[in-house]
1. FRET efficiency for Cys167 and Ala63, Cβ-Cβ distance as r, R0 = 30 Å, nearest 0.05?
2. Express the Stokes-Einstein translational diffusion coefficient of the range 100-229 in µm² s⁻¹, to the nearest whole number, given a Kirkwood radius over alpha-carbon pairs, 4 °C and a viscosity of 1.567 mPa s.
3. From the phi of every residue in the range 175-184, what ³J(HN,Hα) in whole Hz does the Karplus formula 6.51 cos²θ - 1.76 cosθ + 1.60 yield, where θ is phi - 60° and glycine or proline is x?
4. Can you list the residues, at least 5 places off or on another chain, whose amide H is less than 5 Å from the amide H of Leu64, using H built in the peptide plane?
5. Please work out how much length the chain gains when fully extended from Ile180 to Gln207, using 0.36 nm per residue of separation minus the C-alpha to C-alpha distance, in nm with one decimal.
6. Separation between the Arg43 and Asp31 pseudo-spin-labels, each 7 Å from Cα along Cα→Cβ, expressed in nm?
Amino acid sequence: MLTRKQQELLVYLDARLRDGGVSPSFEEMKDALGLKSKSGVHRLVEALEERGFIRRLPNRARALEVLRGPTARPVAPGGSEASGGAPGNVVHADFGARRGAVGGGVELQLVGRIAAGQPIEAIEDAEPLVVPHALLGPGDHYALEVVGDSMQDAGILDGDYALIRRCETARDGDIVVALIDGHEATLKYLRREGGMIRLDPANARYQPQRYLPSRVRVQGRLAGLLRRY
């Protein structure tokens, strides 16, 4: 799965090579994509190379070759995996998805990283994710990068992207983004037990967490997963 910026760079490289046959410089790529530094360009080039869209030609400075053009479906080798039933101040950001013709998918804002019992960490210069329609149902969605292994037995691994449908209610057994005491967020199974809210991990190394209902606010339910290879 390519991010929006990766797709933009691929389109730009393809057009430049078709027009003049010479790869643009990293400075030119930075300006064309509106990035703040060339380090961002390096990360995008490495990502496209790893996914088999471009390659660097040996013994030639600045030489790139497009192997799979921008008309190819922007899906990384290995594809993506779906699963159904995840900030400091980022919790209150606009989580809405912009639905449109983005390679036949939906552009979701990647709002941060979620780890058990920590504020969601904002990602600097986060790029939207282009997600196939099939992974999402109706409603507003946002994406979070998963940190840690507390949900690994549910197939949610460190580095995965959790696709979250924004809502404030959930059924027992749903995987949710739960905000605890207004500032700590976690991705867990939600269950009700004896007047308490129990948040269950999917890893035997971790213990369930129990809270008064007044301390827990549901921020969304898991709608799907993306995994990059």
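1. Calculated transfer efficiency: 0.05.
2. Answer from the Stokes-Einstein relation: 86 µm²/s.
3. Per-residue couplings from phi come out as 8, 10, 8, 10, 9, 10, 6, x, 8, 10 Hz.
4. Sorted by chain and number, the residues that satisfy this are Ser23, Leu57.
5. Here the segment from Ile180 to Gln207 would lengthen by 8.1 nm.
6. Modelled inter-label distance: 2.3 nm.
Bear in mind that the values in this text are calculations on the coordinates, not laboratory data. Small disclaimer: the values here were computed from a predicted structure and weren't measured. Virtual Cβ from ideal backbone geometry, glycine too; neighbours counted across all protein chains shown.
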